[in-house]
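J.: The following block contains the structure, expressed as structure tokens.
FYI, it's all coordinate maths here, none of it is from the lab. Predicted model, so just to flag it, every value in this text is computed and none were measured. Reconstructed Cβ throughout: ideal geometry from the backbone, glycine too, with neighbour counts over all protein chains shown.
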Amino acid sequence: MKSLIPFKNRLYPISAVLFLYYLALAYALFSKGVYSSEGLFFAEKAILFSNGGVDRLTIVGLTFPQLSFFSTWLFSIFHSTFAPFIASAVGTTVLFYIIANSIETHQYKNWLFAGILVTFLFHPTFLFIAVSGKSDYMMLLFFYLFISALYKYFKYNTSYHISVASIYFTMLVFCNFKFIWLALFLLPVIFVAALQSMQIAKSDPWERIAFAFNSLSIRRKLGNKTFAVYLIVFALPLTAIFAFRLLNETYTGDSNYFLDSPYANYLAVINQSENFTGFAKDQVSSFITETSFLTTIKILIYAPMILLCFSVFKSNLRNTFVVFALFLFMEFLKIKYPDVFLQVGFYAAFICMCWGIILNAQNFKNLKYMGQLYLFIIILQLATGYFMMNSSSVPEERKYVTEFKHLIFDQKLITPDEDGTMAKYINNIPSTKTILADDATAYRIIAISSSCKRFLIPAQKTFLAALASPRDNVNYILMPSVNNPYQNFSLLNTEAFDRFQKDGLTLTKVQQSKNWILYSVL
Amino acid sequence: MTDTYLESLEDLLISAGLLTAEQLAHINNFSRSNQLSFIKIALNFGYISRKQFKKCLEEQGYVFIDVRAEQIDAAVMSQNDLMKVDGNLILPLRKEHGKLVVAVASPYITDDLIEIQEKFGMELVVLVASDLDILWLAHKLLGEKYVKSAVFELLNRDPDSSALVTFTQKQLVIIFSLIGVVVVALFLNFINTSIIINILMSTFFLIAIVFKLYLALSGSKLELYQAVSKKELKGIDNDDLPVFTIQLPVYKEDKLIRKLIWNLQSLDYPREKLDIKLLIEEDDDKTLNAVKDLDFPAIFEVIVVPFHMPKTKPKACNYGLHFSRGEYLTIYDAEDVPDTDQLKKVVALFRKLPQNYICIQCALNYFNRNENFLTRMFTLEYSYWFDYMLPGLGTLDIPIPLGGTSNHFKMKNLIELGGWDPFNVTEDADLGIRAFAKGYKVALVNSTTYEEANNETFNWIRQRSRWIKGYMQTYLVHMRNPAKLIQKIGWKGFLGFNFFIGATPITFLVYPILLLLFISYLVFDIQNIKTIFPDWVLYISTFNFIIGNILMIYVNMIAVFKRRYYELILYAITNPVYWLMHSISAYKGLWQLITKPFYWEKTNHGLSKVTTTQNQKAE
């Protein structure tokens, strides 16, 4: 039955309701003290920027991922600590809207829409992304837009789609730097696309290649076209990264500052602690061990919709190559960063890609019971998604699944963030007092306490003086405890503590939590 | 009597093998329907060459005189009508011994000659002369009324739209006040004022380029859109086609005349429905002689533009308007190679579009793109300009600055607009804005005219300085009353106009300053700069400058796609160098805007060694 209301008009209220749903969930978890490190990192940067006392340009210009930080910063006008959570709820809703809107003219739009809606409502990964304040929503958004534009370029061979794809790719890299490596795997895909777009009277791909290489004019044209597309797609992201590195180098003396500094990128610490193999003491047995070569299987289990996509793409070589390129990219990430767990956002990208594939598939209609099959796979994906997240190697992902279950079944079981108690205590300290802290690790406390006024951190000019002589400059020192998984990444570590004592500084514990000790300087 | 003589001319031409009976019939039909004399048609519509005709008459014992050296009687001349002379090629010169001395292109008696005899009431002494010399003399002596109209028509009708006054009093007050404020601010607080200027300049630079990227992307969406399809083109009936005027303003283009004829001959449009006017300046004997010396038939009429300042192309075009017969009109440069089906496409599109579309702009590109660095860069620039920017402006409903040639007008609307502004050196861009302000629209058609890219640096700078000066002129003219402009073209059009026409010269002027700052700071690490500009200022300006350049290079890269000029893509990287050349031209243009605003920097054509055929072979 055809609806009397236009598709687009239906989409607005549905998106609005979805946003409220995400926001309500995010707030429910936030109010119970469930936070993500990335969300708190962005919140702390936004607070630092608003409250001043630091070089604002470093924060605005070098905090990475840049785009995700900007969106959090935008929402910090509502609530400084909750801002990243609003941003992720809004961002995930926008992602839903863009995907749902792009199926408007598809013959199976009702089936597809149902699948998209079910996924965004119930898939654990999408819920996690929407309510955790993490930046994965933006990565998925630009990834989807990039893949869609790339497929459209293959279909229509227009400069608009290829240049838009390039812009989205640049945005994607500024959302998650690891995607820069995807460029490597797209090189052969672009070559195949260029070859297919050549007017050669051969249908077999190998015959086409042979013909192209043996004809001087076609070989020249193929070479020129391939090179031109390489430049169009990759010149922008590569030069943007180059320029960004140059600015990092000029401004901080380190071109990799945005990747390696814990003050610019929360992953600098997390990837060497929580997300690092062998670091976590409470390793759970993963659904499938995260090892190179098994990643592909893990992806297929996580996103079985890919199998469906392969069947609709069976005759389209270049489109199939894109999917292979992404698998290779994931395998490559496991080889390049063998000890760092892949976050669930990377896997979710495959689900988004599947919608991109279906939208651009030409022989979709040939499959019988397509809609029913698709919906069945969507529901299957909810289950596999849950199992994967529940046994994820990334502690934060497991934590959210657990707390989510608690939120639904028994809210009393929710464990508030341990840093909350320390932040609460600090909030009761008079604002005229100063606390020496290193926000490389203490950003969570600063973000939860919603103010940085009491803190003296490394970005401030007097920090070094305070570190050398705390008695003259600060009233308190916030130090990570021995249980704190990040203690080795802080300037205020045990060595500093020993030095303070050696210098005759009298430090009195005024508050202690599992991860933090607040000393009063006498 | 007339018939006997006419038959003689016909017999002469047929017996000399210069015309066939079929051609003769065509000429007679054409003559009857257009009120043009037999000889005018024969010499100007591709039937016989002037050289052949002269030789033929000389064999009959006729002697060609130099009519330009003949004595002229002002009283006789005042009784002549230029339009008539232009049509029948008969020019009464003086009275001598009770007879009227008349210069004619054909010595055979015609109705026109009898009419003149009756008008003056005396016997005629006929002097045979070259039709071109007759035209030269006629236009020189009788063309004053028309040339005055060509120069002052717009000024009289709509003085606010004329660029005769470069800076209005109000504009001068604003400009000097602004300079004064900046100077005072620099005295009072040098560092903070410098910081503000720096940030404003670099941010403006970035915004202007981001706007260009946005336009290019908007335009690139239309890449697959065919304004006129092949099917529509096939459905056109030649009998239904209107008369199409082609104006060819030339100045010292003697080397290009042959090529011009070849290019015009390849146009797929009925010859008798083409009204082609070669507009030659009075002092341009080189081109006139080149036309005289052609050993094959010409397919255009020559119009000699009498001397009058300013000596600009728009003045010549306005003059040509008085003699044009077409329902539609277009302008080509001498070296232009339009797509053969261009005129038909334009007619088809005009018929499809609503009435308020009065102009159709074709894309311009270059046939000698691979000649050297300059031609390659020029090709990149034109590709993104005509294939992406202008369609982008059209999509966003922002006034389109028309390109120099291949803009096709509805004649009656063009006249209603007052033609081109002869005081504006980018009269085409100005006309686009004026048309938009009157509620008219410009459309783009999927047809290209290939031109000769400037391949010589100084010639390029001359041409570009004129273009940039023209943009400055156009900007100043239309910004005399910003409120009125907003009322006419709306906020979107106003912002688009400012960012497209206004921002273009400013970005070129600002560019070398930013570059200098960038090099001093980043490359040479000059510490003194840091004492004036704090790090955050340098950070922002460096960011704007780098991103601006990257985006501009990127826009150039996109340009190769639609045309499949993939081999040019790497040249886009050298865009910053190309921009420096723009900056040189911009400063030259600015200087000329102040010192000689109407001076037309002539671009030399015909420097390329590449022909269209060679280029096609290379492809």
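J.: Using only alpha carbon pairs under 8 Å that are at least six residues apart, calculate the relative contact order of region B:2-142 and give it in whole percent.
T.: 25 percent.
J.: Per q in 0.16, 0.17 1/Å, what log10 I(q)/I(0) does a Debye calculation on the alpha-carbon atoms of region B:2-142 return?
T.: For region B:2-142 at q = 0.16, 0.17 Å⁻¹, log10 I(q)/I(0) is -0.82, -0.93.
J.: Fully extended, how many nm does the chain gain between B:LYS352 and B:ARG157 (0.36 nm per residue separation, minus their Cα-Cα distance)?
T.: Extra length from B:LYS352 to B:ARG157 when fully extended: 67.1 nm.
J.: Here is a further query. Apply the Karplus parameterisation 6.51 cos²θ - 1.76 cosθ + 1.60, with θ equal to phi minus 60°, to every residue of region B:461-472 and state each ³J(HN,Hα) to the nearest whole Hz, in sequence, with x for glycine and proline.
T.: Karplus values, whole Hz, x for Gly and Pro: 5, 4, 4, 5, 5, 5, 4, 5, 4, x, 5, 5.
J.: Give me the mean projected area, in nm² to one decimal, of the convex hull enclosing the Cα positions of chain B.
T.: 30.4 nm²
J.: Compute the label zone of A:SER431 within region A:43-81: residues whose backbone N is under 17 Å from the point 7 Å along Cα-to-Cβ.
T.: In region A:43-81, the label zone of A:SER431 (backbone N under 17 Å from the point 7 Å along Cα→Cβ) covers A:47-54, A:79-81.
J.: Against the globular-protein guess of 2.2 N^0.38 Å, express the Cα radius of gyration of region A:55-106 as a ratio, rounded to two decimals.
T.: Against the empirical 2.2 N^0.38 Å value, I get 1.45 for region A:55-106.
J.: Where does each of B:575-588, A:420-433 land if you order them by average Cβ count within 10 Å, highest first?
T.: B:575-588, A:420-433
J.: What translational diffusion coefficient, in µm²/s and rounded to a whole number, does the Stokes-Einstein relation yield for region B:190-234 at 20 °C and a viscosity of 1.002 mPa s, taking the hydrodynamic radius as the Kirkwood radius over Cα pairs?
T.: 155 µm²/s
J.: Can I ask one more? Using Cα-only point scatterers and the Debye equation, what is log10 of I(q)/I(0) for the protein assembly as shown at each q in 0.07 Å⁻¹, rounded to two decimals?
T.: The Debye formula, applied to the Cα set alone, gives -0.80.
J.: Suppose R0 equals 45 Å; then what is the FRET efficiency for B:ASN29 and B:ILE174 from their Cβ-Cβ distance, rounded to the nearest 0.05?
T.: The pair B:ASN29/B:ILE174 has a calculated efficiency of 0.15.
J.: How many nm separate the modelled label positions at A:LEU522 and B:ASN446, each set 7 Å beyond the Cα in the direction of the Cβ?
T.: 8.7 nm
J.: Moving to a separate point now. How far, in nm, would the chain grow between B:ASP397 and B:ALA16 when pulled straight, counting 0.36 nm per residue and subtracting the alpha carbon separation?
T.: Gain in length upon complete extension: 131.3 nm.
J.: Karplus couplings for region A:210-226 from phi (6.51 cos²θ - 1.76 cosθ + 1.60, θ = phi - 60°), rounded to Hz, Gly and Pro as x?
T.: Taking θ as phi minus 60°, the curve returns 4, 5, 4, 7, 9, 9, 4, 5, 5, 4, 5, 5, 4, x, 5, 5, 4 Hz for region A:210-226.
J.: Report relative contact order for chain A in percent, whole number only (criteria: Cα-Cα under 8 Å, sequence separation at least 6).
T.: Worked out over chain A, it gives 18 percent.
J.: Is the shape of region A:419-521 rounded, prolate or oblate, going by the alpha carbon gyration tensor and its root eigenvalues a ≥ b ≥ c, with a/c under 1.5 for rounded and a/b larger than b/c for prolate?
T.: rounded
J.: Can you give the relative contact order of chain B as a percent, counting alpha carbon pairs under 8 Å and 6+ residues apart?
T.: 17 percent
J.: Let me ask something else about it. Please state, as a whole number in µm²/s, the translational diffusion coefficient that the Stokes-Einstein equation yields for region B:108-202 at 10 °C and 1.306 mPa s, with Rh defined as the Kirkwood radius across alpha carbon pairs.
T.: Estimated diffusion coefficient is 79 µm²/s.
J.: Using a Förster distance of 56 angstrom, determine the FRET efficiency expected from the C-beta separation of A:ASN390 and B:ILE197, and round it to 0.05.
T.: So, using R0 = 56 Å, E works out to roughly 0.40.
J.: Still on this model: Based on DSSP H runs of at least 4 residues, each adding -39500 (n - 2.57), what is the mean residue ellipticity at 222 nm of chain B after dividing by all its residues, to the nearest 500 deg cm²/dmol?
T.: -17000 deg cm²/dmol
J.: So if R0 is 30 Å, what FRET efficiency would A:ARG398 and A:PHE376 give, r being the distance between their Cβ atoms, rounded to the nearest 0.05?
T.: 0.65
J.: Can you put A:PHE126, B:PHE350, A:PHE213 in order, fewest other beta carbons within 10 Å first?
T.: If I rank by nearby Cβ atoms, fewest first, I get A:PHE213, B:PHE350, A:PHE126.
J.: On to the next question. Counting other beta carbons within 10 Å of each Cβ, put B:THR507, A:THR239 in order, fewest first.
T.: Final ranking by Cβ density, sparse to dense: A:THR239, B:THR507.
J.: Counting other C-beta atoms within 10 Å, which of B:THR375, A:THR92 has the fewest, and how do the rest follow?
T.: Placing the least packed residue first, the sequence is B:THR375, A:THR92.
J.: At 0.36 nm per residue, and after removing the present C-alpha to C-alpha distance, how many nm does the segment from A:THR250 to A:LYS412 gain when stretched out fully?
T.: Result: 53.2 nm gained on full extension.
J.: Quick one: work out Rg over Rh on the C-alpha atoms of region A:7-408, Rh as Kirkwood radius.
T.: 0.97
J.: Between region B:497-553 and region A:177-196, what is the separation of their alpha carbon centroids in Å?
T.: Value for the Cα centre distance between the two parts: 33 Å.
J.: Run the simple label-point estimate for A:LYS453 and A:LYS405 please: 7 Å along Cα→C-beta, distance reported in nm.
T.: It is 4.3 nm.
J.: In nm, to one decimal, how far is the B:SER78 label point from the A:PHE310 one, both placed 7 Å along Cα→Cβ?
T.: Roughly 9.8 nm, to one decimal.
J.: Relative to a virtual label point 7 Å from the Cα of B:VAL523 in the Cα→beta-carbon direction, which members of region B:478-517 show backbone nitrogen distances below 14 Å?
T.: Inside the label zone: B:512-517.
J.: Could you give the distance between the Cα centres of region B:84-135 and region A:129-166, to the whole Å?
T.: 76 Å
J.: Using the Kirkwood formula over every pair of different C-alpha atoms, what hydrodynamic radius in Å results for region B:189-326?
T.: Computed over region B:189-326, the radius equals 19.6 Å.
J.: Residues of region A:238-255 with backbone nitrogen within less than 12 Å of a virtual label 7 Å along the Cα-to-Cβ line of B:LYS530, please, listed as ranges.
T.: Those under the cut-off are A:250-253.
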